[in-house]
Amino acid sequence: MRYAGLTDEPARRKRDHGNPYDFRVIQQFTSETAARQWMKRMLAKGCEQDTIGQGWKYGYTFLVRR
C-alpha cells in the first residue's frame with residue numbers, strides 16, 4: 001500500500017515509519033492550499049493518507065509491504 005502525507009519535518013516522519021527505503025519527499029510547497037491540492041491528487045491516484053504528520057510544507061510518499 002502506498003501512503004502519501006504532508007509534514008513540516010520529513011526526516012522525522014521517515015524515522016517514525018522505520019526509515020522505509022522508498023520514502024521520498026515529492027514536493028515542497030509554498031502554500032497550504034497547494035499542499036492540500038497535491039494531497040487530493042495523491043488520494044485520487046489510490047494512495048492512502050498518512051495522518052501522522054503535522055504541517056504542510058513537504059509532500060511525501062512511501063510504500064508499506066505486508
Go through region 1-28 and report how many residues are closer than 16 Å to Gln49 by Cβ and in contact with a Gly (Cβ under 8 Å, 6 or more places away or on another chain). 8
Inspect all residues belonging to region 6-23 and state whether any of them is assigned to a strand (DSSP E or B), in contact (Cβ under 8 Å) with a residue 12 or more places away in the chain and either in contact with a helix residue (DSSP H, G or I) (Cβ under 8 Å, 6 or more places away or on another chain) or open to solvent by less than 50 Å² (accessible area, probe 1.4 Å) (or both). yes
Among the residues of region 49-63, count how many are farther than 18 Å from Thr33 by Cβ and either assigned to a loop (DSSP other than H, G, I, E, B) or open to solvent by 20 Å² or more (accessible area, probe 1.4 Å) (or both). 4
Candidate set from region 24-35 (those that are farther than 10 Å from Lys57 by Cβ and assigned to a helix (DSSP H, G or I)); member that is farthest from the chain's Cα centre (by Cα): Thr33
Which of the residues that make up region 37-47 are on the phi < 0 side of the Ramachandran plot and either surrounded by fewer than 11 Cβ atoms within 10 Å (Cβ to Cβ) or out of contact with any strand residue (DSSP E or B) (no Cβ under 8 Å at 6 or more places or on another chain) (or both)? Gln37, Lys40, Arg41, Ala44, Lys45
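The values are calculated or read from the model by the stated rules, or taken from the named source; none is laboratory data. Remember, it's a predicted structure, so these values are computed and weren't measured experimentally. Here Cβ is always computed from backbone atoms with ideal geometry, including for glycine, and neighbour counts include all displayed protein chains. Surface accessibility is based on the protein's heavy atoms, side chains included, excluding ligands, DNA and RNA. Shrake-Rupley method; radii C 1.70, N 1.55, O 1.52, S 1.80 Å.
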